[in-house]
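A short write-up of the structure that comes next.
The values are calculated or read from the model by the stated rules, or taken from the named source; none is laboratory data. What you see is a predicted model; the values in this text were computed from it and never measured. Using ideal geometry, Cβ is built from the backbone for each residue, glycine included, and neighbour counts are taken over all protein chains shown.
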There are 2 protein chains.
Amino acid sequence: MKRSMYAGRVREEHIGTHITLKGWVGRRRDLGGLIFIDLRDREGVMQLVINPDTASKEVMATAESIRSEYVVEVTGLVEAREQANPNLPTGAVELKVEAITVLNTAKTTPFEIKDGIEANDDTRLRYRYLDLRRPEMLANLKLRAKVTHSIRNYLDELEFIDVETPFLTKSTPEGARDYLVPSRVNKGHFYALPQSPQITKQLLMNAGFDRYYQIVKCFRDEDLRGDRQPEFTQVDMETSFLSEQEIQEITEGLIARVMKETKGIEVTLPFPRMKYDDAMSLYGSDKPDTRFDMLLQDLTELVKGVDFKVFSEAPAVKAIVVKGAADHYSRKDIDKLTEVAKQYGAKGLAWVKYADGTLNGPVAKFLTDVTSDLTTALHLEDKDLVLFVADSLEVANTTLGALRVRLAKELDLVDNNQYNFLWVVDWPMFEWSEEEGRYMSAHHPFTLPQEETEHELEGDLSKVRAVAYDIVLNGYELGGGSLRINHKELQERMFKALGFTTEAANEQFGFLLEAMDYGFPPHGGLAIGLDRFVMLLAGEDNIREVIAFPKNNKATDPMTQAPSLVSDKQLDELSLQVEGADQE
Amino acid sequence: MKRSMYAGRVREEHIGTHITLKGWVGRRRDLGGLIFIDLRDREGVMQLVINPDTASKEVMATAESIRSEYVVEVTGLVEAREQANPNLPTGAVELKVEAITVLNTAKTTPFEIKDGIEANDDTRLRYRYLDLRRPEMLANLKLRAKVTHSIRNYLDELEFIDVETPFLTKSTPEGARDYLVPSRVNKGHFYALPQSPQITKQLLMNAGFDRYYQIVKCFRDEDLRGDRQPEFTQVDMETSFLSEQEIQEITEGLIARVMKETKGIEVTLPFPRMKYDDAMSLYGSDKPDTRFDMLLQDLTELVKGVDFKVFSEAPAVKAIVVKGAADHYSRKDIDKLTEVAKQYGAKGLAWVKYADGTLNGPVAKFLTDVTSDLTTALHLEDKDLVLFVADSLEVANTTLGALRVRLAKELDLVDNNQYNFLWVVDWPMFEWSEEEGRYMSAHHPFTLPQEETEHELEGDLSKVRAVAYDIVLNGYELGGGSLRINHKELQERMFKALGFTTEAANEQFGFLLEAMDYGFPPHGGLAIGLDRFVMLLAGEDNIREVIAFPKNNKATDPMTQAPSLVSDKQLDELSLQVEGADQE
């Protein structure tokens, strides 16, 4: 029989009609001779009733044999429920079953199919098809599809052309680590999976496409963290002839559309703009969460004269005030915060509590002379806790920035229904890499430097600023973009500043430099991390919750056991040997 | 200055307005003191005029310096053209330039930016960004975006959920050759890029998604042919609880929508259905081009008695009649056809010409006795050419099928504006592989056998029929699908029939078999080859013409030189050695 509708969509208006439903058995209850079955499909749950007085023997026998997660087809009459369940969309009706067929049976599942799971991550991933049956996971994946649908419609309306770029590309060591794909035809040669279609989309601008977009998988072989996956999805955009401002406006429109169509929220445009330097100095982060204050305050000058070398001789002394938290944080609690501070490179964490007009705590005695100045500068009120970091400006900022976020979570200062979007602009072009011992691109080597700082490419690289912008949501980097270099000479200077020899630049990026010989237009764009965006919209805190089949934190799929060993024949065809493997 | 509109969109209604355009310089002509410039952007071409009597010295100087493919910004007044060009959408107007700025210069391009290119393929691919500037290529890529847009809207309306499936998956040697991706974290282990998300989408049905789609890249490491690429794009669909017929109807609706929205063509639904056996016997192909007749005719019985062993003793003698072609095909021409026949495994090609009531040609003398029967059976008319293949039935069919297509092309029998869609149904489950010396899946091992032939899984495999269907357009396989197995026992029998031991089946597909323990619903789906579909809609004969950055026939990108050598550090991190590479 053909299904009449989804079980989750049966309503009072269907009372008196005969319908056929197909779905999974949730709970079965035998109550006063009657059998009640919750029938679940992707749109919800509907109650089935089998009455031994009216049901055929066959129906009764089948109903009695049915267990959780069996797949069934049922036909019956929609009736009003005696006791309506107002918490269930189908709660006013039930189906009086007249025929029932088992389409497939099920063993007892390793965990119950319901919201709020307690199974561990690997069990969930191993039985992902069961995990995805849980309504909250299905809702997350539906939300994801709704978001991409909304984005596509918006960009199609703006005449962006959806273009697919290649997955088998050239390895470019600048940036994160590539996933490689050995070539069989060209032995010893490798493709790389794209970390992003950055150069390709620039070439599409060179080809005159004017407006490009793609929702596309990207790949980075990095060590995994909570919100990282080996493969992730990017909403990738590029435009020609537009200003930084115009690209940001298009992005704002996109986000406003998504927020409205998926969450019913009208966001206020334009989004606030914050300079990178201000973000670092006020929030200690290049992706500030502005849903709460607790701003970083600079006390370097104020404590210059105190008799406490840790403060008076530090390059920077900064503080955050945790309002009214003095009694909530014991010494032990603060020791924990100190551990956090050390993870961010701080040598320690100083603190005072302000109560009854005086400062208390280990370092209070050094601050007696400046108590009044401090109280004024920090707007201290009774029971405030003050945390200080005295260190390099960078360490002071990032440490307090991290503590700020942690404290807000601990103290529940954040309104989870608030969506604070903001642009961080005016970025440095380069950042110093301790690991590599050199300046590296803060974004990528194709970013346009701000004209007035361009000359520092041959001078002080720390002073070169980029025409770059990040879009931030609630303390997460949602995406980022920039105007790009379109003149060969400037691109060559950029490679040189990054330490490339002419030969190395040509070897790696010669095709891009050559393309700049042929009328490369001014262009710029942006990419949004789709996984993270959907994660935030879904109220989740791990992108795995919005990806159908993610990898675990060992980059493994517990279900299929990928990655796996492959046959000698496969390796032979690729002329590859695994080191340490048995040799014949 | 902000661009007012695309150059290709300026019309008579804009006369008298000042506008700013940005784009590429096509031709520049100096005529009677005036300078005419064709300004090109993605929407078309617009004529610029610089008049030395009215233009500033600066504008004149810039205009004189400008060469083809320079990127310029121009501002001016839209005026009516003295001599309108009715062949150009902008032909009624021209822009009287008041300001012009060169945004970037260009060297002489390696080929001219115009339709109908003569550069060779590798030059086109090496400078793909220039190749894509040619209006016909841009139009192809725009068409592609329009097709996917149309497909997505259709499937979204039908409540299909767009779900992204993983690219880093498990290698399954059954099927074509996988592209492998070495894992760094799990040394010696490999991911595989998906040949299709077949099992994954089945698991989504198990998860209760009910209707899934994705437009997704797939990968096969095969030797390349005209319409093959290492990576290709699939419109991938899967549904639960639907019949073969219902899935075909959804597909027909999808194709009708695309045809209407991209070509303005109303196709007639439902599409014709043809059994696989009929397609082979009448057209000699499992993807018949039904835009022309020239059907294969079976003469085995008719020639049983003739005194010509090649015919009388052959397992099958089949023929096609090339209407009125007798005078167009010399012996030499037919020799060429014979060569083709041999490529398909035929030992030779017999032929006769029918003229003035008699048969002529080398084998005519053997057919004297059956001339009248032949004439009647084949409905011969004056000047017909008849081609015979006497061989196994399979060789006779495929050889004549190939000749049929070739002759139709040579004789221009095909209407290129006709789109003949058709379903080929009732497929064999297995096909014999000479190479492997065993039966292999004609589609894949998850295809549901037709119930009445299921018992032959333990009997004669050639008799098992599949609930499978291919959608064919103008002689191309556009896509294919099937109902799938959802019961573990049947899936195990299928693996066994394919020669898997229990261990091998579990090793490869254990996760799928396990999933069948937990209420796997009846399901089925279909996948359409997007590249090929767009190629046919664009009237191209190679999918490279509808892919932005394809590989050449050595699976190489002449622009980036991918695949390329990678550093020792990269190989070391993966614990890989390339055989034959220099050892340190």
Inset, instruction - May I ask you to say which residue of B:Leu483, B:Leu526, B:Leu512 is of a type outside the set (D, E, K, R), buried (at least 22 other Cβ atoms within 10 Å of the Cβ) and within 12 Å of chain A (Cβ to nearest Cβ)? - result: B:Leu512
Legend entry - Among the candidates B:Lys287, B:Lys309, residue that is touching a residue at least 24 places away in the same chain (Cβ under 8 Å) and either more than 30 Å from A:Tyr6 (Cα to Cα) or β-branched (Val, Ile, Thr) (or both): B:Lys287
Inset, instruction - Determine whether region A:118-134 contains at least one residue that is part of a helix (DSSP H, G or I) and more than 14 Å from chain B (Cβ to nearest Cβ). - result: yes
Legend entry - Residue identified as in contact (Cβ under 8 Å) with a residue 40 or more places away in the chain and not assigned by TED's automatic domain parsing to the domain that holds A:Arg438 among A:Leu574, A:Leu498, A:Leu565: A:Leu574
Inset, instruction - Working carefully through the options A:Leu141, A:Leu95, find the one that is closer than 30 Å to A:Ile543 by Cβ and either out of contact with any helix residue (DSSP H, G or I) (no Cβ under 6 Å at 6 or more places or on another chain) or loosely packed, with under 15 Cβ neighbours inside 10 Å (or both). - result: A:Leu141
Legend entry - Matching strands (runs of 3 or more DSSP E) fully within region A:339-406 where at least 3 residues are within 30 Å of A:Asn474 (Cβ to Cβ): A:350-355, A:384-391
Legend entry - Given (1) part of a strand (DSSP E or B); (2) farther than 30 Å from A:Thr172 by Cβ, number of the condition B:Leu513 does not satisfy: (1)
Legend entry - Only listed residue being away from every other protein chain (no Cβ under 14 Å), buried (at least 19 other Cβ atoms within 10 Å of the Cβ) and either assigned to a loop (DSSP other than H, G, I, E, B) or in contact (Cβ under 8 Å) with a residue 40 or more places away in the chain (or both), chosen from A:Val72, A:Val49, A:Val25: A:Val49
Inset, instruction - Return a yes/no flag: does region A:319-334 have any residue that is touching a helix residue (DSSP H, G or I) at 6+ places or on another chain (Cβ under 9 Å) and part of a helix (DSSP H, G or I). - result: yes
Inset, instruction - Would you please list the contacts, defined by Cβ atoms under 6 Å and residues six or more apart or on different chains, that run from a residue in region A:120-140 that is under 18 Å from B:Phe509 (Cα atoms) to a residue that is among the acidic types (Asp, Glu)? - result: none
Legend entry - Members of region A:194-221 found to be touching a Phe, Trp or Tyr at 6+ places or on another chain (Cβ under 8 Å), over 16 Å from B:Tyr129 (Cα atoms) and more than 7 Å from chain B (Cβ to nearest Cβ), listed by number: A:Pro194, A:Gln195, A:Tyr213, A:Cys218, A:Phe219, A:Arg220
Legend entry - Total residues in region B:529-543, condition within 14 Å of another protein chain (Cβ to nearest Cβ) and touching a Lys or Arg at 6+ places or on another chain (Cβ under 8 Å): 3
Legend entry - Among (1) more than 9 Å from chain A (Cβ to nearest Cβ); (2) under 30 Å from A:Glu573 (Cα atoms); (3) without any contact (Cβ under 8 Å) to a residue 12 or more places away in the chain; (4) not small (Gly, Ala, Ser), the one test that B:Gln229 misses: (3)
Inset, instruction - Could you tell me whether any residue of region B:98-116 is of a type in the set (D, E, K, R), at pLDDT 95 or above, touching a helix residue (DSSP H, G or I) at 6+ places or on another chain (Cβ under 9 Å) and not in a helix (DSSP H, G or I)? - result: yes
Inset, instruction - Give me a count of the residues in region B:9-22 that are crowded, with 16+ Cβ neighbours inside 10 Å and away from every other protein chain (no Cβ under 11 Å). - result: 3
Legend entry - region B:144-165 - residue that is within 14 Å of B:Asp531 (Cα to Cα), in contact with a helix residue (DSSP H, G or I) (Cβ under 7 Å, 6 or more places away or on another chain) and hydrophobic (A, V, I, L, M, F, W, C) and, of those, surrounded by the fewest Cβ atoms within 10 Å (Cβ to Cβ): B:Ile151
Inset, instruction - Among the residues of region A:146-180, write down those that are within 7 Å of chain B (Cβ to nearest Cβ), within 27 Å of B:Met137 (Cβ to Cβ), among the aliphatic types (A, V, I, L, M) and not in a loop (DSSP other than H, G, I, E, B). - result: A:Ile161
Inset, instruction - Among the candidates B:Thr560, B:Thr501, single out the residue that is surrounded by fewer than 22 Cβ atoms within 10 Å (Cβ to Cβ) and on the phi < 0 side of the Ramachandran plot. - result: B:Thr501
Legend entry - For A:Thr447: the one exception among (1) in the same structural domain as A:Gly475 (by TED's automatic domain parsing); (2) farther than 30 Å from A:Ile255 by Cβ; (3) of a type in the set (Val, Ile, Thr): (2)
Inset, instruction - Could you list, in sequence order, all residues of region A:232-246 that are more than 9 Å from chain B (Cβ to nearest Cβ) and under 23 Å from the mean Cα position of the chain (by Cα)? - result: A:Phe232, A:Gln234, A:Val235, A:Asp236, A:Met237, A:Glu238
Inset, instruction - Would you mind stating whether B:Ser150 is of a type outside the set (Val, Ile, Thr), more than 21 Å from B:Trp24 (Cβ to Cβ) and out of contact with any Lys or Arg (no Cβ under 6 Å at 6 or more places or on another chain)? - result: no
Inset, instruction - May I ask you to say which residue of A:Glu58, A:Glu64 is away from chain B (no Cβ under 14 Å) and either without any contact (Cβ under 8 Å) to a residue 24 or more places away in the chain or among the basic types (Lys, Arg) (or both)? - result: A:Glu58
Inset, instruction - Go through the residues of region B:504-524 one by one and say whether even a single one is at pLDDT below 95, charged (D, E, K, R) and either within 27 Å of A:Thr109 (Cα to Cα) or over 33 Å from the mean Cα position of the chain (by Cα) (or both). - result: yes
